[in-house]
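Here is the structure we will look at, set down as structure tokens.
Bear in mind that the values in this text are calculations on the coordinates, not laboratory data. Here the structure is a predicted model, which means the values were calculated and not measured. Don't worry about glycine lacking a Cβ; one is built from the backbone with ideal geometry, like all the others, and counts go over all protein chains shown.
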Amino acid sequence: MLDISDIEFGDTTTSAGGSAAGGGGAGAHGGHGGSGNTGNTGNTGGSGNTGNTGNTGGSGNTGNTGGSGNTGNTGNTGGAGNIGNTGGSGGMTEDCGNGVDDTNDNLVDCEDPQCAGSHCIAPSAPGNWSGPVVYYAGGDGSVTCPPEWPTQVAVGGTAVNAAPPACTSCSCGSVTGASCAAPLHSFWTAADCSGAATTTQTPPQTGCVALSGAASLLVSARAATPAPSGGSCGAGGGLPNNSAPTFADHAVVCGGAQLGAGCSGSDVCAPNPWLGFEPTVCVWRDGGGSCNQIAPYSVKVSIYQGINDFRDCTNCTCGTPTNVTCSGTTLLYQDSTNSTCQGTGVQLTDNDSACANGTTFGSMEYQAGTATGGSCSPSSVSGTGNASGTDDITLCCLP
Ligand SMILES: [Ca+2]
Ligand SMILES: [Ca+2]
């Protein structure tokens, strides 16, 4: 920059030297040249653009809702470093059967997502029905009541397996008590028992008897087969012969569940039936009953806790003895006057159809034998009755 004090102005700022019209005189020294113009001040540089503000980081993802009891996951960190929201109510558990909001989310029992293992049901029916209960009916005999339904109400089956009644065969022992009466004897006046008999006569069981009719003319004789009488056979067998009846399945009825709130109307919050149990809930009472009047529990199921086996057999009896053999003998004598059966006799044996010849016959004496052999026919025996469930309880279940 120039200092203004260094600038020396001439007489005129327009003369470049002495006047051209002056003569002779030395020209005064020329004035100083004008000062150069001051250079323009340079333009101020434009301001720099303001840097863009950094994008705000996205919000962190909301943490997953904590599972029942688990600590919720920490939310993902946002792009700009924001910390994600803290996860859901981890670590707090909703008791689904206490009527209280245990997790402070304003969702009580069945309302709370943690209670997905429960559901709302109508309360147990009034009157003499109890419940609610759940039940298992199937082939696994080891099934017992689960923790959510801890009280065993009944155990048994829904039906009974029992074969039709069977019986051992009916049989009869040997004949006892039979007797043999003296047989009818026939006599001929002709030899060799030929033609029609002249007379017939049955001797007494003991003692000698004179022949009646044309005694002195009777020359041939024959004894009929004696008829045994009486006697009997002891009966045996004909008894029930069954394997023990069993339940067709294994049934368990379980109650005692803790019931909560969070349902509409008068419904209650109940645990779901245990895995493998029938997917329904029931009310129950002892004995038989109808489910017609306790809607919505309209489906009837009978559970039997015992079995009555009423299978039996008709009586085993034995018929009259048959084929009993008598072993008596008859002695025939000539003497017909005093019935003493003296002298040489001719013997006729029971069951012997031989014809006695050789003399005239006047008296006879029967020597009774014993009844042997024979048999009795057993009666037919058939099974009766059946086996059935007893001590039943009735369940009425939701359809
Ligand atoms: Ca609760
Ligand atoms: Ca809750």
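For this structure, a couple of remarks:
- 15 Å beta-carbon shell around Gly276, net charge (K/R +1, D/E -1): -4
- The order of the peptides 230-242, 146-158 by mean Cβ neighbours within 10 Å, most packed first, is 146-158, 230-242.
- Efficiency of FRET from Cβ geometry, Asn128 and Met92, R₀ 56 Å, rounded to 0.05: 0.85
- Its Cα centre serving as origin, region 290-399 has a Cβ charge dipole (Lys and Arg +1, Asp and Glu -1) of approximately 420 debye.
- Debye, to nearest 20: dipole size of region 210-336, +1 on Lys, Arg Cβ, -1 on Asp, Glu Cβ: 320
- Footprinting exposure proxy for Ser130, Ser220 (fewest neighbouring C-beta atoms within 10 Å first): Ser130, Ser220
- 20 Å reach of a label modelled at Ser169, 7 Å along Cα-to-Cβ, counting backbone N of region 236-257: 236-243
- Segment Phe310-Leu275, length gained on full extension (0.36 nm per residue, minus Cα span): 8.9 nm
- Dipole orientation for region 101-157: of the candidates His119, Val155, Val108, Val155 has the Cα lying most toward the positive pole (charges on Cβ; Lys, Arg +1; Asp, Glu -1).
- Label-to-label distance for Asn357 and Ser264 is 12.0 nm, based on points extended 7 Å past Cα in the beta-carbon direction.
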